[in-house]
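Remarks on the structure that follows.
The values are calculated or read from the model by the stated rules, or taken from the named source; none is laboratory data. Predicted, not measured: the structure shown is a model, and the values here were computed from it. These accessible areas exclude ligands, DNA and RNA; they are computed on the full protein's heavy atoms, side chains included. Shrake-Rupley method; radii C 1.70, N 1.55, O 1.52, S 1.80 Å.
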Amino acid sequence: MSTGLWGKIGGAGIGVLVGGPIGALVGSVAGHFLVDREGAPFGPTPRDVVFTTGLVALAAKMAKSDGVVTQSEVQAFERVVQVEPEAHAGVQRLFDLAKATTDGFEAYAGQLASTFGEEPALLEDVLDGLFHIATADGAIHEGEESYLRAVAGIFGLDETAFRRIAARHVRLADDPYLVLGLEPSADAAALKAQYRRLVAENHPDRALARGLPPEAVAIATHRLAAINAAWDRIAAERGLT
């Protein structure tokens, strides 16, 4: 999360511009009260604010799903949600407010799904970021998995998509093939073509070129590393070059 983004969050009226539960959360951080309502009443919705604030809010709610926030999870959160030193206090306030509010995570996930419904890849980015944080301590706990499945459902991601995303973070049967989105029966040509396509689609430079917030770029970087690791494993097992 850049200083520029926090400048937007601190600006007068930004919560009203965003609207909905995320707008109410932003308004609380900015220091003005907002009535929770659906949709933004005027102007274009600041998508970077919705993406990043929604990610922070869902991460905060996930922290409550297993009742324990580990130091490794905090460090993983900070790797995904990138902030300048002067913005740390604001991030912490946003996280604490989201964790403490009586609103359920469904409201935040629902607003993200509504905002980015035409770009499901961005919703996968959010779930990827949540997985990265949840598995930072080396395991995913039952409460966290249930939470992530619920978020995926609100995002409209089916079981196949959920398992593909999960395979980038936890060991599953045939997980390198899940990461590449192919069956183990796929031939070498299909595997190479799919790998090259995924590398091109998920390169961080592409996220930068699309004007996505730093959080999406960080998630793309982690995802590309998982894709490369899956390919390396398959290539080693099959003797591919």
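The length gained by stretching the chain between R196 and A121 to full extension, at 0.36 nm per residue less their Cα-Cα distance, is 25.2 nm. Binning all Cα-Cα separations of the range 91-241 at 5 Å, short to long from zero, yields these whole-percent fractions: 1, 9, 16, 20, 21, 15, 9, 4, 2, 1, 0. Ligands, DNA and RNA are left out, and with a 1.4 angstrom probe the accessible area of the range 152-241 is 50 Å² per residue.
Determine the share of the range 107-241's accessible area contributed by carbon and sulfur atoms, expressed in whole percent, with a 1.4 angstrom probe. It would help to have the intermediate numbers written out before the result.
Details: 3150 of 6100 Å².
Its accessible area is 52 percent carbon and sulfur atoms.
Just so you know, the Rg over Rh for the range 202-241 is 1.18, from Cα atoms, with Rh as the Kirkwood radius. Look at where the Cα atoms of the range 124-161 and of the range 189-227 average out, and the two centres are 19 Å apart.
For the range 115-237, what does the relative contact order come out to in percent, with C-alpha contacts under 8 Å and a separation of six or more? Each step should come with its number before you reach the end.
Working: 98 pairs, mean separation 31.3, N = 123.
It comes to 25 percent, rounded to a whole number.
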